[in-house]
Amino acid sequence: MEKYDPKSIEHKWQQRWRESGIYEVKDAAEGKENHMLLTEFPYPSGNLHIGHWYAFAVPDILARFLRLRGKNVMYPMGFDAFGLPAENAAIKHGLNPRAWTEKNIAHMTEQFATMGASIDWSRQVSTIDPDYYKWTQWIFLKMFEKGLAYRKEVTVNWCPSCKTVLANEQVTNEGRCERCETEVVQKNLEQWLYKITDYADRLIDDIENLDWPESTKLAQKNWIGRSEGATIKFEIKISNSDGISNFQFPISKQSPNDQISKNYFEVFTTRLDTIFGCTYCVVAPEHPIFENRELRIENREEVEKYISDAKKKTNLERTELQKDKTGVELKGIKAVNPFTNEEVPVFVADYVLATYGTGAVMAVPAHDERDWEFAKKYKLPIKPVVLPRSGSKEVVFDDGESVNPEEIKKILDNGAFTGDGRLINSDDYSGMNSQKAREEMAKWLEENKLGKKEKKYRLHDWVISRQRYWGVPIPVVHCEKCGVVPVPEKDLPIELPDLKDFLPAGDGKSPLAKAEVWVNVKCPQCGGDAKRETDTMDTFVDSSWYFIRYADPKNENKFADEAKMKKWLPVPMYIGGAEHNTMHLLYSRFFTKVLFDLGLVNFSEPFTGRRNHGIILGPDNQKMSKSRGNVVDPDAEVKKYGADSVRMYLAFMGPYDQNASWQMQGVTGTRRFLEKVYNLSEKLKAKSEKPLLKNNNLENLLHKTIKKVTEDIENFRFNTAISAMMILVNEMEKEENIPIASFKLLITILSPFAPHVAEELW
């Protein structure tokens, strides 16, 4: 027999698969259940790196396995092709973003063939195709009709150098623009938003029944950040040289939750049971209290400087990266605790965000670590009001329990007690457990119209505006007479015009503002002069519904046919990176729920199953980077070892959901294994179809291996499935002769992992 030559074998079978169209799946196959196996579609960067192979070649094992189990499997592919990276690359190289992107798509499509993945290319989608983004715009119009798409002035990340808004992902942990490394500032701009907050409860509650990793579910819940607590009114008093007097807040569109405050501000807390321990209050730098010039803050200059500095920081810097909490007291005013009538100082501090709760908090340093640190720094009182059960007789509860004074000292000296317990120093509520106290206190607030039970969310509405060129145009026009007017559906798609100069226009304006012929149009409503919206959509919008289009990618009249969607959706298994645990998955779920509510799809969750894959690290166990010189080129590895060897090594490196480092000896090992399998064919008995091996132990091992490989693939344990096959092949090598039937079984279980050599041996 000839020596194993992966180059000739793999080229031969890739060409045959392509010519036969064997992986172009039909919407129905007799006796077979449909199954869409979905992987997150890639950004067309220009070259497939080893991470792409990990993302697409390893799941192909599952796709091939499911076909062997009798499923009608769709394994589709597309390109998430709009966005800032393409635009930046085009600016750098003096190219048009479309030309750069389409060239990359063509090159990557050719590279995918070398992977041996069973992709159905007949269903390819690309977000830059007008036939695709026509429906992205159409969905926007449906959102607009339902009041889920709206325009509002919001605080955004602004890069002074790039002159554009940046998504949170485009800001480094140091608060700099990832492209030019300029320090990012916070800026107020009119932006388009999707009202994802309307779906906050459903996005949390509906996740429970999904077959998703618990870490992904938890990440989504934390991102939404639902808190159940109470909103409380704190009266404000002026206490300065003119004496004490009440004042009134102005009506403010910047006021959190659009509340109209008079002589109080509201705080939200999940720990109402600790209110007797409130020793100061804190407001966010963006709080509407600072719009009132009648509020005579004695140190206003100091306060305004602090606010100005805070606006230069990102929310991440303010809340997580800033270890040392800072703030400035608003001298001349006090807040009044409604339960005690005590006046407490008010601070402005940037660790409080206007986008969460009410933009103001009651600080209880004895029972909150952040407040405790702040109180220690500024020498503010720390008053314990909730303690765990103890045996001391210093304070006796109604049921005979007591408080140990050492516990109080521990809180004052070493940190906050943040758990539930029994109340002390809380008037009539002393002795109650935390849960009961919260309920009783909430009743008192509502009876006295000083507050109420409420839910708050960390999630805020999704800002979809981008002041960049390379994105989907937002399908509205601005008319002086009619205001914002949606483009008629018959005029879709609003195509992105060609621009020679697509650098940001500055001052919050998009490059599209330069396309005067494209911008100046007639109002669809009154026929008068109007201007197109020049912002483009966030690329997360493009990727929030692409999986639906795979069911019907060439439909010119609908975003997808209802009957075809029912055949393929929802997606039973979606595989991707853990970095998309929050935004991409959350946005896709939001889109699906909106389409469900509109009666356009018959499912309310897009992906019933989800698995995350890890990251391939360099041989030095560090993240791959050109600067480190540790990047692995899959094309070079395929040329050296063959695609089957690379595929198998990626699957063999370790558990699929964990990170692993690339080691040359590993891929050498899988190549040697495939050579062993190839050489086993020399031991075949001529014309022998007898299923049993002479060695009964080996026969038993063969069938145990079939069972194990089956179960391991089903559970994404690809590495242990390969280990089992390696053990089997080692034992088979010891035999003089191998029945053809036994060899066929070996080839069958090997074929999802190494399809080229398996086809050749078959």
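The values are calculated or read from the model by the stated rules, or taken from the named source; none is laboratory data. Predicted, not measured: the structure shown is a model, and the values here were computed from it. Note that we place each Cβ from the backbone using ideal geometry, even for glycine, and neighbour counts take in every protein chain shown. Surface areas here come from the heavy atoms of the whole protein model, side chains and all, with no ligands, DNA or RNA. Shrake-Rupley method; radii C 1.70, N 1.55, O 1.52, S 1.80 Å.
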Q: Could you check the simple spin-label distance between ASN697 and SER681, using points 7 Å along Cα→Cβ, in nm with one decimal?
A: 3.0 nm
Q: Show the residues, 5+ positions off or on another chain, whose built amide H is closer than 5 Å to the amide H of LYS685.
A: ILE738, ILE740
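Using alpha carbon coordinates only, what is the Rg to Rh ratio of the range 705-762, with Rh defined as the Kirkwood radius?
Working: Rg = 11.4 Å, Rh = 11.8 Å.
Here Rg/Rh amounts to 0.97.
May I ask you to compute the full-extension gain from ASP413 to GLU369, defined as 0.36 nm times their residue separation minus their alpha-carbon distance, rounded to one decimal in nm?
Values: separation 44, 0.36 × 44 = 15.84 nm, distance 1.24 nm.
Fully extending the segment from ASP413 to GLU369 adds 14.6 nm.
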Q: Quick one: grab Rg to one decimal and Dmax as a whole number for the range 605-762, Cα atoms only, in Å.
A: 17.6, 58
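Above 22 Å lies some portion of the pair distances; for the range 268-365, what is it as a whole percent of all C-alpha pairs?
Working: 1340 of 4753 pairs.
In whole percent, the long-distance tail amounts to 28.
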**Q.** Environment charge of PRO572, counting only residues whose C-beta is closer than 15 Å and scoring Lys/Arg +1, Asp/Glu -1
**A.** +4
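Might you tell me the accessible area per residue for the chain, computed with a 1.4 Å probe and given in Å²? Numbers along the way, then the final one.
Numbers: 34100 Å² over 762 residues.
Per residue, the chain has an accessible area of 45 Å².
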Q: Kyte-Doolittle cut-off 0.0, length cut-off 24 Å along the helix's own axis using Cα: show which whole DSSP H helices in the chain pass.
A: 50-68
Q. If eta is 1.567 mPa s and T is 4 °C, what Stokes-Einstein diffusion coefficient results for the range 568-653, Kirkwood Rh from Cα pairs, in µm²/s?
A. 81 µm²/s
**Q.** Sites LYS481 and THR355, calculated FRET efficiency, Cβ-Cβ separation with R0 41 Å, nearest 0.05
**A.** 0.75
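So if I average 1/r over every pair of distinct C-alpha atoms in the range 62-123 and take the inverse, what Kirkwood radius in Å does that give?
Working: mean 1/r = 0.0727 Å⁻¹.
Evaluated over the range 62-123, this radius sits at 13.8 Å.
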(Q) For the range 503-602, I need the span (max minus min coordinate) of the C-alpha atoms along each principal axis, in Å, sorted largest to smallest. (A) 47, 34, 24
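At 1.002 mPa s and 20 °C, plugging the Kirkwood radius over alpha-carbon pairs of the range 404-546 into Stokes-Einstein gives what diffusion coefficient in µm²/s?
On the way: Rh = 20.8 Å.
Once the numbers are plugged in, D ends up at 103 µm²/s.
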Q) Volume per residue, Å³, of the convex hull around the alpha-carbon atoms of the chain? A) 213 Å³
Q: Using a Förster distance of 41 angstrom, determine the FRET efficiency expected from the C-beta separation of LYS312 and ASP491, and round it to 0.05.
A: 0.45
Q | Relative pair counts by distance (%), Cα atoms of the range 91-226, 10 Å bins | A | 9, 19, 32, 33, 7
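Can you give me the % of accessible surface on the chain that is carbon or sulfur? Probe 1.4 Å, all protein chains present, nothing else counted. Could the numbers behind the result be given before it?
On the way: 16140 of 34100 Å².
The nonpolar share, carbon plus sulfur, comes to 47 percent.
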**Q.** Kirkwood Rh in Å, taken over the range 408-492 so that all alpha-carbon pairs contribute
**A.** 19.2 Å
**Q.** ³J(HN,Hα), Karplus 6.51/-1.76/1.60, whole Hz, each residue of the range 528-538, x for Gly, Pro
**A.** x, 5, 8, 10, 5, 5, 9, 6, 10, 8, 3
Q. Sorted by mean Cβ packing within 10 Å, highest first, what order do the peptides 339-348, 658-667 take?
A. 339-348, 658-667
Q: Please find the FRET efficiency linking ASP501 to ARG458, where r is the Cβ-Cβ separation and R0 is fixed at 60 Å, and quote it to the nearest 0.05.
A: 0.90
(Q) Under 8 Å for C-alpha pairs, at least 6 residues apart: give me the relative contact order for the chain, rounded to a whole percent. (A) 15 percent
**Q.** Table column - 3J(HN,Hα) (Hz), the range 495-502, Karplus curve with 6.51, -1.76, 1.60, x for Gly and Pro
**A.** 7, 5, x, 6, 10, 7, 10, 10
Q: At 7 Å along the Cα-to-beta-carbon direction for both ASN96 and LYS443, put a label point, then send me their distance in nm to one decimal.
A: 7.2 nm
Q.
Once you place label points 7 Å from the Cα toward the Cβ at LYS26 and ASP427, how far apart are they in nm?
A. 7.8 nm
(Q) Under 5 Å between amide hydrogens, which residues at least 5 positions from VAL386 or on another chain qualify, with H placed 1.01 Å from N in the peptide plane? (A) ILE424
Q.
Taking 0.36 nm per residue of sequence separation and subtracting the Cα-Cα distance, how much length would be gained by fully extending the chain between THR582 and VAL185, in nm to one decimal?
A. 140.5 nm
Q | Cα pair distances of the range 1-80 binned at 10 Å [whole percent] | A | 15, 37, 36, 11, 1
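Using only DSSP helix segments of four residues or longer, with each worth -39500 (n - 2.57), what per-residue ellipticity at 222 nm results for the chain after dividing by its residue count and rounding to 500?
Numbers: 23 runs with 262 residues, N = 762.
After summing the helix terms and dividing by residue count, I get -10500 deg cm²/dmol.
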(Q) I want the local charge near ASP80. Using Cβ-Cβ distances under 13 Å, sum +1 for each Lys or Arg and -1 for each Asp or Glu among the other residues. (A) -3
Q) Could you give the distance between the Cα centres of the range 539-583 and the range 614-631, to the whole Å? A) 32 Å
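Determine the gain in length on full extension of the stretch GLN525-GLU110; use 0.36 nm per residue of separation and subtract their C-alpha separation, reporting nm with one decimal. Walk me through the intermediate numbers first.
Details: separation 415, 0.36 × 415 = 149.40 nm, distance 4.73 nm.
Going from the current span to full extension adds 144.7 nm.
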